[in-house]
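Quick notes on the structure that follows.
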Amino acid sequence: MLETLPSSFSFGPGLDQIIPTPLLARSGVGASFEKDLAMTYDPAWYQVNKKKVNEWNRRWREANKEQMKAIVKRWYLAHPDRVRENRRRWYLENKERWLENARNLPKKEPEKWKLIWAEKRGVRRARKAGSDIGRVELRRILNIHGYICHICKAPVAPWDIHFDHVIPLSKGGSHTEENIRPAHADCNLRKQDKI
Ligand SMILES: [Zn+2]
């Protein structure tokens with residue numbers, strides 16, 4: 001049974017360090033939560049009352065979600081190195097879970113992720129070619145030009161789409177939204193053959 005803490009009990013300045021482990025470990029915050037917590041209290045007292053305190057903290061966090069958010073944010077800003085270090089450690093310890101998550105995300109929104117990958121690929125290629133690179137959002141290009149191949153002017157199915165540089169990178173074209181149009185995969189490849 002959870003006892004209520006004495007009314008004179010206060011977290012004092014240690015409150016800032018009370019961060020829930022399971023909730024935030026993923027984002028790099030709470031990996032050393034238990035350690036921080038132990039330091040907040042008189043260590044001997046904490047050892048004896050550990051369970052009670054942890055449960056009390058859990059309830060407090062649940063009942064004060066907004067305040068918790070502010071505390072977490074402050075903690076983030078105050079400990080950038082530890083956030084980075086914890087995030088790295090979390091990733092190493094949960095690599096499999098992380099990779100599985102990364103594999104599953106695209107299954108939920110395949111079209112969105114296809115565009116994101118195409119964007120990254122595009123920037124990599126442009127960098128390799130030494131081209132000028134601007135901000136390129138393929139979704140925006142599709143909104144402007146529609147699913148129409150700019151080479152043969154016929155409609156393109158989403159799974160068949162390539163993004164073609166109107167002036168090829170190899171001819172000094174830039175990697176910018178103005179120079180990129182939707183195209184059929186084979187129209188795009190045929191055009192590259194000619195160059
Ligand atoms: Zn075409």
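The values are calculated or read from the model by the stated rules, or taken from the named source; none is laboratory data. This one's a predicted model, so the numbers in the text were calculated from it and none came from an experiment. Positions of Cβ are generated from backbone atoms using ideal geometry, with glycine treated the same way; all protein chains shown enter the neighbour counts.
Would it be correct to say that ARG87 is surrounded by 13 or more Cβ atoms within 10 Å (Cβ to Cβ), part of a helix (DSSP H, G or I) and in contact with a Lys or Arg (Cβ under 9 Å, 6 or more places away or on another chain)? So ARG87 passes the test.
Within the range 101-154, being within 16 Å of the ligand (Cβ to nearest atom) and either assigned to a loop (DSSP other than H, G, I, E, B) or at positive phi (or both) holds for GLY146, TYR147, CYS149, HIS150, ILE151, CYS152, LYS153, ALA154.
Could you tell me which of the residues ARG121, ARG135 is in contact with a helix residue (DSSP H, G or I) (Cβ under 8 Å, 6 or more places away or on another chain) and either within 30 Å of ARG87 (Cβ to Cβ) or surrounded by fewer than 11 Cβ atoms within 10 Å (Cβ to Cβ) (or both)? Step through it out loud before you land on a result.
Numbers: ARG121 fails: in contact with a helix residue (DSSP H, G or I) (Cβ under 8 Å, 6 or more places away or on another chain).
ARG135 is the lone residue from the list that is in contact with a helix residue (DSSP H, G or I) (Cβ under 8 Å, 6 or more places away or on another chain) and either within 30 Å of ARG87 (Cβ to Cβ) or surrounded by fewer than 11 Cβ atoms within 10 Å (Cβ to Cβ) (or both).
Considering the conditions (1) basic (Lys, Arg); (2) within 15 Å of the ligand (Cβ to nearest atom); (3) within 27 Å of GLU109 (Cα to Cα); (4) assigned to a loop (DSSP other than H, G, I, E, B), ARG181 is excluded by exactly one of them, (4).
When residues of the range 158-169 are filtered for being in contact with a strand residue (DSSP E or B) (Cβ under 9 Å, 6 or more places away or on another chain) and within 16 Å of the ligand (Cβ to nearest atom), how many remain? Qualifying residue count, the range 158-169: 7. Checking LEU105, LEU99, LEU115 one by one, the residue that is in contact (Cβ under 8 Å) with a residue 12 or more places away in the chain and hydrophobic (A, V, I, L, M, F, W, C) is LEU115 and no other. Just one of the listed residues (ILE151, ILE180) is surrounded by 15 or more Cβ atoms within 10 Å (Cβ to Cβ), over 18 Å from ARG127 (Cα atoms) and among the hydrophobic types (A, V, I, L, M, F, W, C), and it is ILE151.
Modelled with pLDDT of 95 or more and of a type in the set (S, T, N, Q) - does that describe any residue in the range 94-108? Explain how you work it out, then say what you get.
Step one: list which residues in the range 94-108 are modelled with pLDDT of 95 or more, which gives none.
No, the range 94-108 contains no residue that is modelled with pLDDT of 95 or more and of a type in the set (S, T, N, Q).
Confirm whether GLY172 is more than 16 Å from the ligand (Cβ to nearest atom), on the phi > 0 side of the Ramachandran plot and surrounded by 11 or more Cβ atoms within 10 Å (Cβ to Cβ). The answer is yes for GLY172.
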